[in-house]
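Would you mind keeping the following structure in view while I ask a few things?
The values are calculated or read from the model by the stated rules, or taken from the named source; none is laboratory data. All values reported here derive from a predicted model rather than from experimental measurement. So basically every Cβ, Gly included, is an ideal-geometry build from the backbone, and we count neighbours across all protein chains shown. What goes into the accessible areas is simple: the full protein's heavy atoms, side chains included, and nothing from ligands, DNA or RNA. Shrake-Rupley method; radii C 1.70, N 1.55, O 1.52, S 1.80 Å.
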Amino acid sequence: FTSITRYLACLRHPEWREYLKRRVERVIAAGGEGVMWDNAMIVRCHCPRCETAYTNWRERTGAPEEWTAWMAFHREMLGELVAELHAHAQRLKPDFLMYVNCNRGLYTLNRAGNAVTTEDGTEPGRKADGKVVSNIGSLRYQWAVGEGWRPVRMEYGGRLRKGPFESRFTIPMTPRSHQLAIAEAAAHHVGFEVFSLGRFQRDLFLREPAALENLGAAGRYNAFLAKHEEFYVKPRSLARLAVLANDDDRQALACRELANHNLIFDVVFTGRLTAGRLDPYRILIAPDVRYLSDAQLELLARHVERGARLVISGSIGAFDEHLRRRERAPLAGWLGLKEAQTPEVLTSAKHGAGTFVHVGGTLDGKTLAASRPFWHDDSLARLEVDGTVRFNVHGQENSSRWLLHLLNYAAEPARDVKVSLGVPAAKVMLLTPDRVPTGKLKFEVVDGRTEFTVPVLDIYALVVVQPRAEGKSK
């Protein structure tokens, strides 16, 4: 087994950019519906053209000569190229799709097009050591990149079982993990891309029974989604918690950690920050959000002043939007500290009607678990579940119903999953593609909350909750 060597052209070369446009034209002429530019790379070109452009960019922005500055320049340059190609395509075919398969560090590049994709997913399930492997944090992050209107899909390139000479090409996902992956993605408004290259494709061609069973398992779950399509379109977030993220994707790992603690959250990118964008969220989490402009810092401070809670790990706003270090970071002022150092213990300070909370260090599992009582609001949904169960709850545009998605990452079913939702229900319906009982669930409304139990959760279940009409008490 050897790796493939790729040679990347100078992306600023005018003739190369014209060649890329001709490729788009040929796709459209052949009847193609879109283009996916595969494997956007972080490779520094040292040609005079690129070096001059980088120097000019640094002079314009005042950015320091550091790798982080080159990365920011690289993202901006790639974004301009994709936007240029997309505009060229839309002049010929207005509904043409254009997106980029990129890895962490370049995810936000897909904003330059009108669709989102990545292959950074991992086969979901539980490892031999008992650790749950979930993509929920990544799915929430990619959905935020899509901004609610770009279609989003994810390929799961990682594997639970992988030796030194094994990879996604040699180890297909199991039927159960295929089904869990499809459900996991659909529950978070993302399309799952089946990886069929390598051994899986060969075995399908040879009609090997195991491969056909695997494909059939995926087909049954896709058929379920198609049958119940009405519940998977036009999602509307109910989250009251948001994670702040810079465009360099440093916060993507924190999103994974938060999701593993069954927190319902949206992702808000600092580059898109407005007062209206912050309005729905009473709790903001800032996991070492280093780069913020003065205006963005002021927006956050005003949001806290109006009653929100800003939970900070590591530093916040230590650098401005041009990557220049501030002489005095805002954290010390917000927390009323005389010194500018970052506190290592949990510290809080009132600000107007709201609160700044610093949990110290980084947002790892231990720190998060210890600090959660100080800031977490579980009024949206409470579940008494085994450690292998994850969930999502959301609404839909032009609909009052709530949709609860339950996902079990263990190899055996979970039983008697107790649920409490922050809405009084008139009807609760259980749907699942698994071979377990479905239909109406018994429930009761206590203090305005709907409480019920899901008897058996094999892999995935969808609970449709129809709230009571306003004014009705029973």
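Quick one: what are the phi-derived ³J(HN,Hα) couplings along segment 347-361, Karplus 6.51/-1.76/1.60 with θ = phi - 60°, whole Hz, x for glycine and proline?
Result, rounded to whole Hz: 9, 9, 8, 6, 8, x, 8, x, 9, 8, 10, 10, 8, x, x.
Using C-alpha positions alone, give me the convex hull volume of segment 340-447 per residue in cubic angstrom.
In segment 340-447, the Cα hull volume divided by residue count equals 184 Å³.
Within the set Lys234/Lys427; Lys350/Lys427; Lys366/Lys427, which residue pairs have Cα atoms separated by over 32 Å?
Distance filter (> 32 Å) returns Lys350/Lys427; Lys366/Lys427.
How much accessible area per residue does segment 342-448 have, counting only protein heavy atoms and a probe of 1.4 Å, in square angstrom?
On the way: 5220 Å² over 107 residues.
Per residue, segment 342-448 has an accessible area of 49 Å².
Give the long-range amide H neighbours of Ile316: residues separated by 5 or more places, or on another chain, with amide H under 5 Å away, using H modelled in the peptide plane at 1.01 Å from N.
So Ile316 has HN proximity to Leu331.
Something else: So, with a 1.4 angstrom probe, what is the percent of accessible area on segment 364-411 that is carbon and sulfur? Write out the running numbers ahead of the final one.
On the way: 920 of 2010 Å².
It is 46 percent, rounded to a whole number.
Which whole-Hz ³J(HN,Hα) couplings does segment 85-94 yield from phi under the Karplus relation 6.51 cos²θ - 1.76 cosθ + 1.60, θ = phi - 60°, glycine and proline marked x?
So the J values, rounded to whole Hz, are 5, 5, 4, 5, 5, 5, 5, 9, 8, x.
Find how many whole Å separate the alpha carbon centroid of segment 245-319 from the alpha carbon centroid of segment 159-204.
If you average the Cα positions of each part, the centres end up 33 Å apart.
Quick one: 3J(HN,Hα) in Hz for segment 198-214, Karplus 6.51/-1.76/1.60 with θ = phi - 60°, rounded, Gly and Pro as x.
After applying 6.51 cos²θ - 1.76 cosθ + 1.60, I find x, 4, 4, 5, 4, 5, 5, 4, 7, 6, 5, x, 5, 5, 5, 5, 4 Hz.
For Ala115, which sequence-distant residues (separation of 5 or more, or a different chain) have an amide H within less than 5 Å of its own amide H, given hydrogens modelled in the peptide plane?
Here Met98 satisfy the definition.
Another one. Using a probe radius of 1.4 Å on heavy atoms only, what accessible surface per residue do you get for segment 1-149? Whole Å² is fine.
Averaged over the residues of segment 1-149, the accessible area is 51 Å².
In segment 255-325, which GluC sites (Glu not before Pro) fall in coil by DSSP and have 11 or fewer other Cβ atoms within 10 Å?
none
If you don't mind, another one. Using only the C-alpha atoms of segment 106-218, find the volume of their convex hull and express it per residue in Å³. Can you show the working numbers first?
On the way: hull volume 13.1 nm³, N = 113.
In segment 106-218, the Cα convex hull volume per residue is 116 Å³.
Which value, in nm² and rounded to one decimal, describes the direction-averaged projected area of the C-alpha convex hull of the chain?
Here the figure is 25.9 nm², rounded to one decimal.
Is the C-alpha gyration tensor of segment 178-330 telling us rounded, prolate or oblate? Criteria: a/c under 1.5 is rounded; beyond that, a/b larger than b/c is prolate, otherwise oblate. Numbers along the way, then the final one.
Details: a/c = 3.64, a/b = 2.21, b/c = 1.64.
It comes out prolate by the Cα gyration axes.
Ok, one more. Would you kindly enumerate the cysteines in the chain that have no other Cys beta-carbon under 4.7 Å from their beta-carbon?
So far as the 4.7 Å Cβ criterion goes, Cys10, Cys47, Cys102, Cys255 stand without a partner in the chain.
List the residues, sorted by chain then number, that are 5 or more residues from Val133 or on another chain and whose placed amide H is less than 5 Å from its amide H.
Hits under the 5 Å cutoff: Gly125, Arg126, Lys127.
Keeping the other protein chains in place, figure out the carbon and sulfur percent of the accessible area of segment 17-156, with a 1.4 Å probe.
51 percent
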